[in-house]
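Trainee: Please see the structure below; I have some questions.
The values are calculated or read from the model by the stated rules, or taken from the named source; none is laboratory data. Keep in mind that this is a model prediction, so the values were computed, not measured. Ideal geometry is used to build each Cβ from the backbone, glycine not excepted, and the neighbour counts take in all protein chains shown.
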């Protein structure tokens, strides 16, 4: 049994429920216990443009909260993962900054000590759980489903601080998908950005980025678009129609979280995986129980 | 003796430039002086085609100390933080981080924060999260809440008052 | 042991005198026990200074000399000569470095002078205990070894052979010629590369003083300057060199014809398992590729190997074995050349994702009329003529995450390609060049660049972020800083000009020869400005791209330089060996062999005498590095001129 503090971030627990549901269904199958802790807050990364000190402190306090329980952190959101990882790197290597930030944390009686390790769902599945264990759980292989993967920029960049997957040619999701019978295919736009963070001040432009990528995916005849990040998914799934409008295209691409597709291949029911919450045409796929 | 940019009549702001460079060096081990303007960053910039952001130009202006011009511009807010520039730069310069520094400077100097950032900030101040729990609509138009879906209560700061005290202290901090 | 020491203090102009009170120092020296005379002069290394020393030796019957001056690395050698001319053994000299280690390091005159006094005190204490030493003579083997048969190695071998020395020219490939043989034309003159190379190849192969050892590798180097013993492995070709006529019938008959990627063609073409690297190969003999040949890897090739059947001269011999030989040489010239950075390490440029993304050397093979496409420029993906060719320069060069250095030849070779491609394809083809800086520094290079600027080429000043394979062609976004616009280039064929890197096995090779590498991995020169061909190991010289990226003319010039440096040694009957080497006190030595394990020059051996083992130093091999002395637990190993009993009083007196 491996225990992780589940650090949910902001978007998943308040809006992207399907991600949370599917993770809570799939990970325990591999003896992973997700521990819910009270007291978490935003990681601060979307506010880095406003005040980076805020970001560092918010990330540090969340790590400190997990450390108090003696747990490593699993964060499903790549943006949170970057924020927490960069915070850890800076505070572990810069004693002056460490002192400054810890001073702020004193108000809440917290202290960052650098004990907690940080993982995201993809490296948890690929490196900790392992492909063989994933293969074992497959009850309904996906019969060569043509998959376009979308990792999300923050999962693989900037590589110089260490990210869970390679920054130019990540293959972890592909390996996982092959293990469940799917057929992931690389495409030139694979590591293009969804534009999600631009939603804060330039929502139209963000949608244009989303639409441009999805258009290419649709043109290439993929069956499904698989992502892991709630910000990305919000763009590609929830806002797919609007994104299509901004690029003058009719987009009808099924978009699923990796954990949802995994769950379907393991024979978990659609309701439990939150499939009805996906706004993109996932019914086209004809997967899982009716 | 003096260097003046004749288009803006601006002179290099060496103090501000030094401050920004120190921050970049401290946080990212990045030294923008080493940029040789190959423009690989701009060639691949996700925000360039759409929004005309030129990361290499941002670095060049920083090297010249023409900070105000950038702080007062709208273009610095077009960066989508994809980190491709930092990843691919052959001289380990990170235009994305320079942009964060410039944006922080704009906010600190009282410029109006564009778009939704203020709302996100307010939300974090009051409940610790960028937004509050929402009810969502399913594909077949039903409304579901978090509890409808069987999910546990969400995690928020346990002592909002202490949390806010901490945040208000940070508000005036420079990196 | 010396009883009458003379101290000579140099002002070195104001280098020493401005920070050290030289007059006070000279006066002080007179008061040190054992010093009978103390003089100072502005430039002790000059003729006048030398005479002061020699006269003092005579007048005061000195038997030991201390010169307080600059670093011994500068003038110790000079002063040894002066002292010897004056009648005192050259090794009864001690230098007190009051410049680099005193006047140049401090600016408080009082404290500098106090320190200088301490240094002189220590030097005198040591000088009193120095022993006269004789330089031993090393016989010089007047033969040379050149490792590497590219243009640089060939030139060095030719120069040495002409000087009258026997030269072993070792080349690991089946033919000499190196990179230059792979080129079509050379910049800036657009000479046909083979046409200017093959005469030199023939000259060196036919020279009576040159023994050509192709398909061979150096596997062991022992000895030192003047006397190197080198083990060379002659790899089995499985072809009898005396019988083979180079007719090529075996190549055409081979069962694996056109199946194996050709190294010479950089993978753009295929060859047989028995092959000749290129038509003008020297020696013009076939070689069997032991890693692919069916007979050698599986023990059988059909019912009978087709090459054997086809060979009228019966030259193929599968029973051949590698052979190891040993040669003795006085000097070694290293000319092992370079490799190209594998552009797959910059994944974003698509080298691994499209056949139509190639390196400049691969394009060179396409352009060459003896290449896999007989000089026709065809897209590797579909064999069609490209309508647009795009060059990306500086791929992995000047890059802190890859190779930090400039490859020096990338710009010029790309410009050369533009010329040749325009010549072949006319204005039908669009040629784009994406550059960061155009470095056209050499003689005639700028003129060449100007010519290309006038040839309707699209120059883009900028570096693309990525190359995208969109199925039937490639697309590149590039921001052009000259117009401040983003351009989308849709192109058929992308040529990457990658960084030049040291050979893959440079580290192992350097260790074999006991030479060093610079931080970039290329072989290290003794001084970048004044000794760019010497290494720190006596008798070993480096030339060509193994020392750092450079073009053909610099490689040739350096080669002649290396030959001259080597000839310097080889033309002498004997060399003087520095006697400041280690020696063993056999009574104290317990035979623990710690010294043997740390000696980088294999200069110590364990000998048994009268039932007792002790270490013995081979004086010809010892380089006087002192590692053994430092490692010796009993103090039995000492270094002449730096013995513990000489150094201890020096330290005591200084403090």
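Trainee: Take residue C:424 and tell me if it is at pLDDT below 95, over 20 Å from residue C:548 (Cβ atoms), away from chain B (no Cβ under 14 Å) and in contact with a strand residue (DSSP E or B) (Cβ under 9 Å, 6 or more places away or on another chain). Quick ask: steps written out before the conclusion?
Mentor: Working: at pLDDT below 95: yes; over 20 Å from residue C:548 (Cβ atoms): yes; away from chain B (no Cβ under 14 Å): yes; in contact with a strand residue (DSSP E or B) (Cβ under 9 Å, 6 or more places away or on another chain): no.
Considered against the rule, which asks whether it is at pLDDT below 95, over 20 Å from residue C:548 (Cβ atoms), away from chain B (no Cβ under 14 Å) and in contact with a strand residue (DSSP E or B) (Cβ under 9 Å, 6 or more places away or on another chain), residue C:424 comes out as no.
Trainee: I want to confirm something. Restricting to region A:197-211 and keeping residues that are surrounded by 20 or more Cβ atoms within 10 Å (Cβ to Cβ) and more than 8 Å from every other protein chain (Cβ to nearest Cβ), which single residue is farthest from residue A:226 (Cα to Cα)?
Mentor: Filtering first and then ranking leaves A:207.
Matching residues to (1) surrounded by 22 or more Cβ atoms within 10 Å (Cβ to Cβ); (2) in contact with a helix residue (DSSP H, G or I) (Cβ under 7 Å, 6 or more places away or on another chain); (3) farther than 27 Å from residue C:437 by Cβ:
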site	(1), (2), (3)
B:5	no, no, no
B:8	no, yes, yes
B:18	no, no, yes
B:78	no, yes, yes
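Trainee: Going through region A:259-290 one residue at a time, which ones are surrounded by fewer than 17 Cβ atoms within 10 Å (Cβ to Cβ) and either touching a strand residue (DSSP E or B) at 6+ places or on another chain (Cβ under 6 Å) or part of a helix (DSSP H, G or I) (or both)?
Mentor: Residues satisfying the conditions are A:283, A:284, A:285.
Trainee: Moving on. Filter region A:216-239 for residues that are part of a helix (DSSP H, G or I) and either under 24 Å from residue A:8 (Cα atoms) or not assigned by TED's automatic domain parsing to the domain that holds residue A:139 (or both) and give the result. Walk me through how you get there before you give the answer.
Mentor: Residues of region A:216-239 part of a helix (DSSP H, G or I): A:216-219, A:230-238.
Matches in region A:216-239: A:230, A:231, A:232, A:233, A:234, A:235, A:236, A:237, A:238.
Trainee: Determine, yes or no, whether residue C:78 is under 23 Å from residue C:103 (Cβ atoms) and out of contact with any strand residue (DSSP E or B) (no Cβ under 7 Å at 6 or more places or on another chain).
Mentor: yes
Trainee: Moving on. Return the residues of region B:157-166 that are surrounded by 12 or more Cβ atoms within 10 Å (Cβ to Cβ) and more than 7 Å from chain A (Cβ to nearest Cβ); say none if nothing qualifies. If you could, list the steps in order and put the result at the bottom.
Mentor: Our first condition is that a residue be surrounded by 12 or more Cβ atoms within 10 Å (Cβ to Cβ); within region B:157-166, this holds for B:157-160, B:162-166.
Result: B:160, B:164.
Trainee: Here's another thing I want to ask about it. Quick check on residue A:256: is it more than 22 Å from residue B:137 (Cβ to Cβ) and not in a loop (DSSP other than H, G, I, E, B)?
Mentor: no
Trainee: How many residues, within region A:3-35, are assigned to a loop (DSSP other than H, G, I, E, B), free of Cβ contacts under 8 Å to residues at least 60 places away in the same chain and facing another protein chain (nearest Cβ under 10 Å)?
Mentor: Step one: of region A:3-35, the residues assigned to a loop (DSSP other than H, G, I, E, B) are A:7-10, A:15-16, A:31.
Now restrict to residues that are free of Cβ contacts under 8 Å to residues at least 60 places away in the same chain: A:10, A:31.
From the residues that got through so far, the ones that are facing another protein chain (nearest Cβ under 10 Å) too are A:10.
Residues that pass the stated criteria total 1.
Trainee: Here is a list: B:49, B:92. Which entry is within 24 Å of residue A:165 (Cα to Cα) and surrounded by fewer than 21 Cβ atoms within 10 Å (Cβ to Cβ)? Full working, then the answer.
Mentor: On the way: B:49 fails: within 24 Å of residue A:165 (Cα to Cα).
Going through B:49, B:92 in turn, just one is within 24 Å of residue A:165 (Cα to Cα) and surrounded by fewer than 21 Cβ atoms within 10 Å (Cβ to Cβ): B:92.
Trainee: Please give the number of the condition residue A:191 fails out of (1) crowded, with 20+ Cβ neighbours inside 10 Å; (2) within 11 Å of chain B (Cβ to nearest Cβ); (3) under 29 Å from residue B:121 (Cβ atoms).
Mentor: (3)
Trainee: Still on this structure: Got a number for residues in region A:224-249 being surrounded by fewer than 19 Cβ atoms within 10 Å (Cβ to Cβ) and farther than 28 Å from residue A:80 by Cβ?
Mentor: Adding up the residues that qualify gives 4.
Trainee: Evaluate the following for residue B:87: is it under 27 Å from residue C:435 (Cα atoms), touching a helix residue (DSSP H, G or I) at 6+ places or on another chain (Cβ under 7 Å), crowded, with 18+ Cβ neighbours inside 10 Å and within 11 Å of chain C (Cβ to nearest Cβ)?
Mentor: Yes: the conditions hold for residue B:87.
Trainee: A follow-up question, please. Go through the residues of region C:470-485 one by one and say whether even a single one is crowded, with 21+ Cβ neighbours inside 10 Å, over 21 Å from residue C:346 (Cβ atoms) and more than 32 Å from the chain's Cα centre (by Cα).
Mentor: Among the residues of region C:470-485, not one is crowded, with 21+ Cβ neighbours inside 10 Å, over 21 Å from residue C:346 (Cβ atoms) and more than 32 Å from the chain's Cα centre (by Cα), which makes the answer no.
Trainee: Output the residue which, of all residues in region B:96-111 that are surrounded by fewer than 19 Cβ atoms within 10 Å (Cβ to Cβ) and in contact (Cβ under 8 Å) with a residue 40 or more places away in the chain, is nearest to the other protein chains (Cβ to nearest Cβ).
Mentor: B:108
Trainee: I'm checking my understanding of the structure. Among residues of region B:112-135 that are in a loop (DSSP other than H, G, I, E, B) and out of contact with any helix residue (DSSP H, G or I) (no Cβ under 7 Å at 6 or more places or on another chain), which one is farthest from the other protein chains (Cβ to nearest Cβ)?
Mentor: B:112
Trainee: Looking at residue A:70 and the list (1) more than 9 Å from chain B (Cβ to nearest Cβ); (2) in a helix (DSSP H, G or I), which single condition is not satisfied?
Mentor: (2)
Trainee: Please determine, by comparing only the residues of region C:459-475 that are touching a helix residue (DSSP H, G or I) at 6+ places or on another chain (Cβ under 7 Å) and in contact (Cβ under 8 Å) with a residue 60 or more places away in the chain, which one is farthest from the other protein chains (Cβ to nearest Cβ).
Mentor: Among residues in region C:459-475 that are touching a helix residue (DSSP H, G or I) at 6+ places or on another chain (Cβ under 7 Å) and in contact (Cβ under 8 Å) with a residue 60 or more places away in the chain, the one farthest from the other protein chains (Cβ to nearest Cβ) is C:467.
Trainee: May I pose another question? Would you check which residues across region C:476-505 are within 10 Å of another protein chain (Cβ to nearest Cβ) and assigned to a strand (DSSP E or B) and list them?
Mentor: Restricting attention to region C:476-505, the residues satisfying the condition of being within 10 Å of another protein chain (Cβ to nearest Cβ) are C:476-481, C:484, C:486-488.
Across region C:476-505, the qualifying residues are C:476, C:477, C:478, C:479, C:480, C:486, C:487, C:488.
Trainee: If you scan region B:22-50, which residues turn out to be away from chain C (no Cβ under 14 Å) and closer than 28 Å to residue C:486 by Cα?
Mentor: Result: B:24, single match.
Trainee: Of the residues that make up region C:19-28, is at least one buried (at least 22 other Cβ atoms within 10 Å of the Cβ), touching a strand residue (DSSP E or B) at 6+ places or on another chain (Cβ under 8 Å) and either at pLDDT 95 or above or part of a helix (DSSP H, G or I) (or both)?
Mentor: Checked against the condition, which is being buried (at least 22 other Cβ atoms within 10 Å of the Cβ), touching a strand residue (DSSP E or B) at 6+ places or on another chain (Cβ under 8 Å) and either at pLDDT 95 or above or part of a helix (DSSP H, G or I) (or both), region C:19-28 yields at least one hit.
Trainee: Output the number of the condition that residue C:354 fails; it satisfies all remaining conditions of (1) in contact with a helix residue (DSSP H, G or I) (Cβ under 9 Å, 6 or more places away or on another chain); (2) surrounded by 18 or more Cβ atoms within 10 Å (Cβ to Cβ); (3) within 14 Å of chain A (Cβ to nearest Cβ).
Mentor: For residue C:354, the failing item is (1).
Rundown of residues vs (1) buried (at least 17 other Cβ atoms within 10 Å of the Cβ); (2) in a loop (DSSP other than H, G, I, E, B), yes/no style:
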| position | (1), (2) |
| --- | --- |
| C:550 | yes, yes |
| C:558 | yes, no |
| C:563 | yes, no |
| C:569 | yes, no |
| C:579 | yes, yes |
| C:586 | no, yes |
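Trainee: Need at least 1 residues that are in contact with a helix residue (DSSP H, G or I) (Cβ under 7 Å, 6 or more places away or on another chain) and in contact (Cβ under 8 Å) with a residue 24 or more places away in the chain per element, so show me which strands (runs of 3 or more DSSP E) inside region C:222-338 make the cut, counting only ones lying wholly within it.
Mentor: Because the criterion is at least 1 residues that are in contact with a helix residue (DSSP H, G or I) (Cβ under 7 Å, 6 or more places away or on another chain) and in contact (Cβ under 8 Å) with a residue 24 or more places away in the chain, the strands (runs of 3 or more DSSP E) in region C:222-338 that meet it are C:331-334.
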